[in-house]
Amino acid sequence: MDAEMKLARAKTKLTWGHPFFGSIALTCRWIADDSIGTMATDGVSILYDPKFVEEMDEEILRGVIAHEVMHIVMKHCLRRGDRDPKKWNIAADYVINDIILEAGFNLPD
């Protein structure tokens, strides 16, 4: 299954099981970018590496999508200011991952 179809399926299942995360994921612009090696957000769009998506288990993919959605919801891109981007992202991931795991999602190791 190609990345676009896998993302569509994951977003649909996310909407059924977790409408909060799914409805936001459906409103985002999704951009394929094979240079990032993972998934990321600019605060509006979600960028993804097709190979990363294709190789990921669909259940974990839903957790990663919810993770990126939370960056948008918590306005991390807007609130970073002049803070160190790497440290800011690590701190934001720490908070988000706790929320995502509490909501019953699985994340990559």
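Taking the highest mean first, how do the peptides 99-107, 21-29 order by number of other beta carbon atoms within 10 angstrom per residue? Spell out each step's value before the answer.
Working: 99-107: 14.4, 21-29: 16.8.
Ranked from most to least packed, the peptides come out as 21-29, 99-107.
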Quick one: how many lysine pairs in the chain have C-alpha atoms under 28 angstrom apart, if they're 8 or more apart or on different chains?
12
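Roll a 1.4 Å probe over the protein chains and send me the accessible area per residue for the chain in Å².
Values: 6580 Å² over 109 residues.
For the chain, the solvent-accessible area averages 60 Å² per residue.
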Note, ³J(HN,Hα) from phi for region 35-48, Karplus 6.51, -1.76, 1.60, rounded to Hz, x at Gly and Pro
9, 8, x, 7, 10, 7, 9, 9, x, 10, 9, 10, 9, 9
In debye to the nearest 20, how big a dipole does the chain give about its Cα centre with +1 on each Lys and Arg Cβ and -1 on each Asp and Glu Cβ?
480 debye
Calculate one ³J(HN,Hα) per residue across region 89-100 by plugging θ = phi - 60° into the Karplus curve 6.51 cos²θ - 1.76 cosθ + 1.60, and present them in order as whole Hz with x for glycine and proline.
5, 4, 5, 5, 4, 4, 5, 4, 4, 4, 5, 5
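With the full set of protein chains in place, find how many percent of the accessible area of the chain is carbon and sulfur; take the probe as 1.4 Å.
Working: 3520 of 6580 Å².
Taking all protein chains in place, the chain shows 54 percent carbon and sulfur surface.
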Positive end of the dipole of region 29-109, charges at C-beta (+1 Lys, Arg; -1 Asp, Glu), about the Cα centre: which of T38, G104, N89 has its Cα farthest in that direction?
N89
List every residue whose amide H lies under 5 Å from the amide H of D33, counting only residues 5 or more places away in sequence or on a different chain, with H placed 1.01 Å from N in the peptide plane.
Y48, D49
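The values are calculated or read from the model by the stated rules, or taken from the named source; none is laboratory data. Remember, it's a predicted structure, so these values are computed and weren't measured experimentally. As a convention, Cβ positions derive from the backbone with ideal geometry for all residues, glycine included, and neighbour counts pool all protein chains shown. Note: accessible area is taken over every heavy atom of the protein model, side chains too, but ligands, DNA and RNA are not part of it. Shrake-Rupley method; radii C 1.70, N 1.55, O 1.52, S 1.80 Å.
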